[in-house]
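Heads up, the thing below is written out as structure tokens.
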Amino acid sequence: MTAPERDPTLSDAEARLGALLSAAHRRFWLHARVGLLAEIAGADLGTALAGIARRHRHTDIRLLVDDDLALKEQLPSLVESIKRLPSAISVRRLDASEEGPQTLTAIADHNGWMELTQARGRRILRGDIDDRPGTQRAVQDFEANWILSDEAIELRRLLV
């Protein structure tokens with residue numbers, strides 16, 4: 001029996017996320033529903049973030065997720081990287097509306113961004129690895145959500 005064909009938008013999103021991770025030198029911010037992130041993040045996401053953290057001592061890596069317990073369960077390799085680099089990777093939690101679309105936004109430095117939106121069975125991918133104005137808008141949205149977020153309690157328990 002053959003495996004069902006993967007949605008090409010998810011494949012494109014996975015490739016773009018990889019390109020953003022490769023392009024990031026000092027800043028990588030990710031705001032995502034954990035379920036959507038798990039669909040496109042490979043097992044090497046934690047390794048890629050650790051690589052960014054080790055490139056420069058003043059890196060700014062932030063993860064904003066809807067469910068830190070789900071992050072621990074669905075992406076254990078990412079959580080292992082977070083545990084190894086607690087001072088380099090900040091994780092916060094922001095409850096997401098159940099009725100709203102699922103989104104994933106990634107921002108690399110000041111140049112690149114992507115947004116994957118999933119609603120009613122449709123997926124839309126926007127952004128580019130070289131788009132300063134779009135990146136600035138994504139940064140403003142991310143910062144507004146970061147301010148509203150809380151500490152990721154499940155991950156804090158792992159780090160203590």
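The values are calculated or read from the model by the stated rules, or taken from the named source; none is laboratory data. Quick caveat, the model's predicted, so the values are computed rather than measured. No Cβ is skipped: glycine too gets one built from the backbone with ideal geometry, and neighbour counts run over all protein chains shown. Just the protein is used for accessible areas: all its heavy atoms, side chains included, with ligands, DNA and RNA removed. Shrake-Rupley method; radii C 1.70, N 1.55, O 1.52, S 1.80 Å.
Write down the percent of antiparallel bridges among all DSSP beta bridges whose residues are both part of the chain, to the nearest 5. Walk me through the numbers before you get to the answer.
Values: 21 of 32 bridges.
Of all bridge pairs located within the chain, approximately 65 percent are antiparallel.
For a test of the definition: using alpha carbon positions, the gyration tensor, and the 1.5 limit on a/c, classify the range 18-71 as rounded, prolate or oblate.
Working: a/c = 2.21, a/b = 1.66, b/c = 1.33.
Taking the square roots of the gyration eigenvalues as a ≥ b ≥ c, the range 18-71 is prolate.
What ranking do 53-59, 40-46 get when scored by the average of other Cβ atoms within 10 Å per residue, highest first?
40-46, 53-59
Can you divide the C-alpha Rg of the chain by 2.2 N^0.38 Å and report the result to two decimal places?
0.99
In the chain, carbon and sulfur make up what percent of the accessible area (probe 1.4 Å)?
Values: 4260 of 8930 Å².
Within the chain, the accessible surface is 48 percent carbon and sulfur.
For the range 105-160, which semi-axes, largest first and in whole Å, follow from the square roots of 5 times the eigenvalues of its Cα gyration tensor?
Result for the range 105-160: semi-axes of 25, 17, 11 Å.
Scan the range 47-109 for GluC sites (Glu not before Pro) in coil per DSSP, keeping those whose Cβ has at most 15 other Cβ atoms within 10 Å, and list them by number. Please list the in-between numbers first.
Values: sites: 73, 80, 98, 99; in loops: 98, 99.
Answer in residue order: 98, 99.
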